[in-house]
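First the structure, in the form of structure tokens, and then the observations on it.
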Amino acid sequence: AYGIDVSKWDDEINWKKVKKAGVDFAIIRLGYRGSKNGTLTLDPRFVENIEGAHEAGVAIGIYFFTQAITTSEAKKEAEYCISNLKKYKSYVSYPVMIDIEPYPGRFENANLSKSKKTAIVDKFCETMENGGYTGGVYTSKSFYSSWLNAAELENKYYIWMAHYTDSTDYSGRYDMWQFSS
């Protein structure tokens with residue numbers, strides 16, 4: 001299957017054209033936690049994107065960009081997703097994933113151990129699954145390899161791995177490979 005990921009950075013999307021171009025699914029950013037103040041924020045184009053993708057017949061997955069520095073915050077992020085997806089639950093056929101990656105701000109400044117980062121991902125995914133969704137994690141090949149206990153997550157959750165190349169050499173398990181930006 002061929003898919004795209006979208007957020008406010010993609011401006012207005014003509015979903016009918018996207019579908020005609022051969023896109024099978026879209027992973028839509030629901031929101032993010034602020035990198036400075038930690039505020040949970042809905043992506044300004046979330047509603048427009050989820051409704052447009054659904055109307056065009058594009059399968060839908062969700063991601064949330066984390067800046068959580070505790071498992072309690074990760075749980076709140078997942079609960080925020082569940083709350084904002086109530087109206088759209090039947091639209092979502094792909095997982096709801098935590099997007100965890102290096103980004104200047106509170107997460108990167110927290111200097112969390114590999115096990116703490118893994119616990120944050122685990123708590124988000126567990127909460128999503130308890131809410132009736134498939135939980136998953138998105139990050140880059142290098143982040144999986146160096147910052148997370150990937151083997152713990154691979155045995156439990158959906159894995160969306162970014163590795164911008166023609167042929168990935170990632171040796172761990174993954175369900176979806178993002179090969180370009």
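The values are calculated or read from the model by the stated rules, or taken from the named source; none is laboratory data. The model shown is predicted, which means the values in this text are computed figures rather than measured ones. FYI the Cβ positions are ideal-geometry reconstructions off the backbone, even for glycines, and counts take in every protein chain you see. Remember, those area values only see protein heavy atoms, side chains included, never the ligands or the DNA or RNA. Shrake-Rupley method; radii C 1.70, N 1.55, O 1.52, S 1.80 Å.
How far is it, in nm, from the label point at residue 145 to the one at residue 24 when both lie 7 Å from their Cα along the line to the Cβ?
2.7
In nm, give the distance between the simple-model label positions of residue 93 and residue 2, each being 7 Å from the Cα along the Cα-to-Cβ direction.
1.8
For residue 103 and residue 11 in the same chain, what is the full-extension length gain: residue separation times 0.36 nm, less their Cα-Cα distance, in nm? List each step's numbers first, then the result.
On the way: separation 92, 0.36 × 92 = 33.12 nm, distance 2.19 nm.
Residue separation times 0.36 nm, minus the Cα-Cα distance, leaves 30.9 nm.
Hey, any idea what % of the chain's accessible area is carbon plus sulfur with a 1.4 Å probe? Walk me through the numbers on the way to the answer.
Values: 4140 of 8890 Å².
Ligands and nucleic acids excluded, carbon and sulfur give 47 percent.
Scaled to the compact-protein estimate 2.2 N^0.38 Å, what is the alpha-carbon radius of gyration of the range 113-181, rounded to two decimal places? Intermediate results must be reported in sequence, preceding the final value.
Numbers: Rg = 12.0 Å, N = 69, 2.2 N^0.38 = 11.0 Å.
Compactness ratio reported: 1.09.
What does the charge dipole of the chain about its Cα centre add up to, to the nearest 20 debye, if the Cβ of each Lys and Arg holds +1 and the Cβ of each Asp and Glu holds -1? It would help to have the intermediate numbers written out before the result.
Numbers: 22 positive and 23 negative charges, 70 e Å.
Roughly 340 debye for the chain.
Using the alpha-carbon centroid of each, what span in Å lies between the range 62-85 and the range 142-156?
Taking the Cα centre of each part, the range 62-85 and the range 142-156 sit 19 Å apart.
Just the number, please: percent antiparallel of the DSSP beta bridges in the chain, rounded to the nearest 5. Display every interim value, and only then the final one.
On the way: 3 of 31 bridges.
Given both bridge residues lie in the chain, the antiparallel proportion sits at roughly 10 percent.
Please express the Cα-Cα pair-distance distribution P(r) of the chain as a list of whole percents, one per 10 Å bin, running from 0 to the bin with the greatest distance.
For the chain, the binned pair fractions read 10, 40, 38, 12, 0 percent.
Need one number: nm distance between label points at residue 36 and residue 168, each 7 Å from Cα along Cα→Cβ, rounded to one decimal.
That separation, rounded to one decimal, is 3.4 nm.
Between residue 34 and residues 5 or more places away or on another chain, which pairs have amide H atoms under 5 Å apart, with H built 1.01 Å from N, and which residues are they?
Placed amide hydrogens put 39, 40, 41 under 5 Å from residue 34.
What number, in percent, do you get for the relative contact order of the range 36-158 if the mean sequence gap of Cα pairs under 8 Å and at least 6 apart is divided by its residue count? Could the numbers behind the result be given before it?
On the way: 160 pairs, mean separation 34.4, N = 123.
The value is 28 percent.
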